[in-house]
Structure formats: structure tokens, C-alpha cells
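What follows is one structure encoded as C-alpha cells, with my remarks underneath.
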Amino acid sequence: MDENEFEGSGRSAFWPLLIVTVATTAWGAFQSYQLVQEQAALKTLAANQETLIQNAVKLRAQLDGIAGDTQRLANAGNANAQTIINELRRRGITINPEAAPPGAEAEAKK
């Protein structure tokens, strides 16, 4: 095909390029919208989990307190507490009654 034949046919590249440009712009806008929606959903999920995390930290602190008190009782000679501590050790759980609770560092920074 000669250049003169193409030019003489009366066809231009305007409409195909316009369609491609509009389609690409629409696709980009749609992807951006989807990303914003996903980000909002993830923020909502994180906010909903915050209460659960705080409750878990409180429960962990309570359990650590109970375990520490049980260790102190075992150290003082309480037979039942010694049995509990020995069973926990047998299962691989060690208790340090002087250790700070896990949430103490975060609360100290506030």
C-alpha cells in the first residue's frame, strides 16, 4: 500500500485513538475507584478489630496475673499451686511472676 493510497482513502486515526484513550481513562478511573473502596473496607475492618485486640490484651494481662500469683503461692509452699506449676512446666509453659504484663510497655509510652 502506498502512502498516497491511505491518505486518499479518507480514513483518519482520530476515532480509533479516541476510543482507545477513552477506554484506557475509564479503566484507570474504575481501578482507582475500586482501590479506594478496598482501602475504606480495610480501615473499617481494622477499626472493628481494635476492640477485640484490646480485650485480648486485657485477658492476657489477667491470665499472666493469675499465673504469677499461682507461682508465688507455689514458691510459698502451697501444694495445689505447686501441682499446677509442675503441670504447666511439663507442658512447656514457664511463668515469671516478676515479669511486666505484655501491655505495660505500651501503656508506659502513653
Please verify whether the stretch 19-38 includes one or more residues that are surrounded by 10 or more Cβ atoms within 10 Å (Cβ to Cβ) and within 17 Å of the chain's Cα centre (by Cα).
-> yes
Looking only at the stretch 47-78, which residues are without any contact (Cβ under 8 Å) to a residue 40 or more places away in the chain and either in contact with a Gly (Cβ under 6 Å, 6 or more places away or on another chain) or over 16 Å from Ile95 (Cβ atoms) (or both)?
-> Ala47, Asn48, Gln49, Glu50, Thr51, Leu52, Ile53, Gln54, Asn55, Ala56, Leu59, Gly77
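Where a number appears in this text, it was derived from the coordinates with a stated rule and is not lab data. The model shown is predicted, which means the values in this text are computed figures rather than measured ones. Heads up, the Cβs are rebuilt from the backbone with ideal geometry, glycines too, and the neighbour counts pull from every protein chain shown.
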